[in-house]
């Protein structure tokens, strides 16, 4: 395989690149400075230049607050990029999100109706509808992610540790409403590595991958506080609604993926968190 990874410098993409290289797979992951993925002509030139046998699309604007503007660059990245990559015709793994659901009827299987609550969810849902029927496409929905990154603020999970340290012993409010299923990026990368050779051959359509531990950001913060030298009492539960609506519980059922025989068992949250925080800091 000659694999192109878009978003290869991000929290998930960097782990996908590492997993592929460790497995001896040839991989290219051009940076944003090298290729503007929102520019259709630049994207076409890149695809023609690298001529990959497989593509993994990890590029996206994932911050719901930033997606609300729905400006051209966000739409180009979250909606048009997957469509353009799929049109190249090579096996494509496209990363999507649990936010395509409204969180009212968990757990969700792959066939559950998409009912997003915010612009980010709507954009990712629209991208899915454009490519899900193509024979060369596998859509992998994942929930909130964390993993080894240099800047903890680039993950909605490890940013909690960054906020605790920044508070210097003070209190930090953390959402205690939405139930999340934090998922280790290294596990997702290994899952993609197992699936990639079979995309468009054995597997096509939508699959789910997720951690299995139900947590709010408050309970995540309570877990990570002692790992970064802070006191769990610094974490205060926040029951105020967020400015951009978030789903209550979007637990993704992984039954379909488990039945493939290629399922990667999720690393327990506390174990993965130690690896993420120690490597990242």
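So what's Rg/Rh here for segment 116-264, counting alpha carbon atoms and using the Kirkwood radius for Rh? All intermediate terms of the calculation are to be shown ahead of the outcome.
Working: Rg = 17.5 Å, Rh = 17.1 Å.
Radius of gyration over Kirkwood radius for segment 116-264 works out to 1.02.
For the pair residue 42 and residue 167, what calculated FRET efficiency results from E = 1/(1 + (r/R0)^6), where r is the Cβ-Cβ distance and R0 = 35 Å, to the nearest 0.05?
Details: r = 42 Å, r/R0 = 1.20.
Rounded to the nearest 0.05, the efficiency is 0.25.
As a test of the formula, what do you get for the chain when each DSSP H run with n ≥ 4 contributes -39,500 (n - 2.57) and the sum is divided by the residue count, at 222 nm and rounded to the nearest 500 deg cm²/dmol? List each step's numbers first, then the result.
Values: 11 runs with 94 residues, N = 281.
About -9000 deg cm²/dmol.
Using only the Cα atoms of segment 20-63, each taken as one equal point scatterer with no solvent, compute I(q) by the Debye sum, divide by I(0), and report log10 of the ratio at q = 0.15, 0.22, 0.33 Å⁻¹.
-0.44, -0.88, -1.33
Considering the chain as a Gaussian network with a 10 Å cut-off on Cα pairs, which listed residue, 42, 33, 214, attains the greatest mean-square fluctuation?
Sorting by GNM fluctuation, first place goes to 33.
Can you bin every Cα-Cα distance in the chain into 5 Å intervals starting at zero and give me the percent of pairs per bin, rounded to whole numbers?
Bins of 5 Å from zero give 1, 6, 13, 17, 20, 18, 13, 8, 4, 2, 0 percent of pairs.
For segment 64-137, what value does the Rg/Rh ratio take when both radii are computed over Cα atoms and Rh is the Kirkwood radius, given to two decimals? Show your work: numbers first, answer last.
Numbers: Rg = 12.6 Å, Rh = 12.9 Å.
Looking at segment 64-137, the ratio lands at 0.98.
Once both labels are modelled 7 Å past Cα along the beta-carbon direction, what's the residue 129-residue 271 spacing in nm?
Taking the simple label geometry, residue 129 and residue 271 are separated by 4.1 nm.
Using a 7 Å offset from Cα along Cα-Cβ at residue 51, what residues in segment 26-41 end up with backbone N under 19 Å from the label point?
Of the residues in segment 26-41, 26-30 have backbone N under 19 Å from the label point off residue 51.
In nanometres, what is the gap between the two model label sites at residue 22 and residue 109, each 7 Å from Cα along Cα-to-Cβ?
Each label point lies 7 Å from its Cα, and together they span 3.3 nm.
So in the chain, what percent of DSSP beta bridges are antiparallel if you round to the nearest 5?
Details: 1 of 30 bridges.
Looking only at bridges with both residues in the chain, the antiparallel portion is about 5 percent.
For segment 169-254, what mean projected area does the convex hull of the alpha carbons give, in nm²? Each step should come with its number before you reach the end.
Numbers: hull surface 29.7 nm².
The number I arrive at for segment 169-254 is 7.4 nm².
A short reminder: the numbers here are calculations on the coordinates, not readings from a lab. Bear in mind that the values here come from a model prediction, so they are computed numbers and not experimental data. In this analysis, Cβ positions are derived from the backbone assuming ideal geometry, glycine residues included, and neighbour counts consider all displayed protein chains.
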